[in-house]
Amino acid sequence: MRLCLNDSLIGPPYRTLPEEKVKIVHDIGFRVAGIGIDINASDEDIRRVKNLFAKYSMEFGPGAGGSYFDPDPTVRRKMTERTKKVLEIAGKLGCPTIRVAGGSMNPNDRWMHYPDNHTQKAFDLFVESTRELVPYAEEARVAICPETTQWTMINGPQRMREFVDRLDTKYAGVGFDFVNHMTYDRVYNSGRFARQVVGELGDRICVFHVKDVIVREKHLVSHIDETPMGTGLLDHEAIIEASKYLEPWKTFSLEHFNESGVPRDKQWKRGYDYIQGIANRIGHRWTDPKLTRTRWDTK
């Protein structure tokens, strides 16, 4: 997999995107970066951003695509039309995937829990909503990759497998976020969980979302939360090892640098140094950043 900074803050509007944002990510050491999709970008705007990436020998990682599902059919139609544009722009940039929400029937938040989320009816509706977008994904050569939690309609490996298999196209996959799927019986043996997930899903996974996890205790209730990279329990060595079994164009995407009071670029540097330190220690080499999906598919 290619090492990638997912939450790069590189994004709209492309017309005024500061070069410094790309340079900062490059100077830390990343050569692949996620990008927010500017659905209002002109072809000239897109060329400008591609030229900035080329200047710093950077490649495009996942495009941030928002969501295309809502329980209200009228709202869902508008979101679907927007996502068609997201796919078009992502394709022109050269993003291999777009990151979208794993779906919720919650009318107020497309990531949050809701009583109907785990019903077959809700899941079928999400699959059919995605199916409408598949021709546009295939035309753009950009894979639709929902990011999921245990609360979304795609709520775990079994649903992920069903989602991808029912759509039956190489331009639908999933982004697997190990922290989002931590439970009491996984958090202290996350390496085993990583191996199981890759064994079960294989190349249905297009992206690893990599951060860190901690168990916080208060009275009789324990909470599993995110924590800064390298300060928690996630077995990053095992995740790196598991990444070797997936197609090499895919992205090992570091994300969620939200530590209060610490500049984002310092968090990125600390995360890069930490994960690169593990890779160096075990002798792991990331895929060449220039081995994009297009290049891999045409080899």
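Tell me, what is the percent relative contact order of the stretch 1-137, built from C-alpha pairs under 8 Å that lie six or more residues apart? Relative contact order for the stretch 1-137 comes out at 21 percent. Here the chain is scanned for chymotrypsin sites (Phe, Trp or Tyr not before Pro) in DSSP loops (not H, G, I, E, B) that have at most 14 other Cβ atoms within 10 Å, and the longest stretch holding none of them is 1-183. Quick one: of the DSSP bridges fully inside the stretch 131-263, what percent are antiparallel, nearest 5? So the antiparallel bridges in the stretch 131-263 amount to around 40 percent. Look at the dipole of the stretch 118-235 built from charges on Cβ: of VAL213, VAL187, ILE154, the Cα furthest out on the positive end belongs to VAL187. Placing +1 on the Cβ of every Lys and Arg and -1 on the Cβ of every Asp and Glu, with nothing else charged, gives the stretch 1-65 a dipole about its Cα centre of roughly 160 debye. Estimated at 0.36 nm per residue, the fully extended path between GLU241 and GLU217 surpasses their Cα-Cα distance by 5.6 nm. Here the peptides 209-215, 40-46 are ranked by packing, the mean other Cβ count within 10 Å, and the order with the highest first is 209-215, 40-46.
Residues whose amide H lies under 5 Å from that of MET105, counting only those 5 or more places away or on a different chain, are ASN117; hydrogens are built 1.01 Å from N in the peptide plane. Subtracting the Cα-Cα distance of MET112 and ARG295 from their residue separation scaled by 0.36 nm leaves 62.2 nm.
For the chain, give me the percentage of DSSP beta bridges that are antiparallel, rounded to the nearest 5 percent.
The antiparallel proportion sits near 20 percent.
Other residues with beta-carbon under 12 Å from the beta-carbon of ASN258 carry, at +1 per Lys or Arg and -1 per Asp or Glu, a net charge of -4. If you take the beta carbon distance between LYS55 and GLN276 as r and set R0 to 25 Å, what does 1/(1 + (r/R0)^6) give as a FRET efficiency, to the nearest 0.05? Rounded to the nearest 0.05, the efficiency is 0.60.
Considering the stretch 237-299, its Cα convex hull presents a mean projected area of 5.2 nm². Among residues other than GLY199 with Cβ under 13 Å from its Cβ, the summed charge is +2 (Lys and Arg +1, Asp and Glu -1). Do any of LYS23/LYS92; LYS92/LYS170; LYS50/LYS244; LYS50/LYS250; LYS92/LYS121; LYS50/LYS290 go past 24 Å between their Cα atoms, and which? Listed pairs above 24 Å: LYS50/LYS244; LYS92/LYS121.
Dipole orientation for the stretch 1-56: of the candidates PRO13, VAL49, VAL32, VAL32 has the Cα lying most toward the positive pole (charges on Cβ; Lys, Arg +1; Asp, Glu -1). Under a model in which nothing but the beta-carbon of Lys, Arg (+1) and Asp, Glu (-1) is charged, the chain shows a dipole of about 680 debye around its Cα centre.
With the convex hull of the Cα atoms taken as the outline of the stretch 83-130, the averaged projected area works out to 3.9 nm². Taking label points 7 Å from Cα along the Cα-to-Cβ direction, ASP185 and ASP165 give a separation of 2.2 nm.
FYI, it's all coordinate maths here, none of it is from the lab. Source: prediction; values computed, not measured. Cβ: placed from backbone, ideal geometry, glycine included. Neighbour counts: every protein chain shown.
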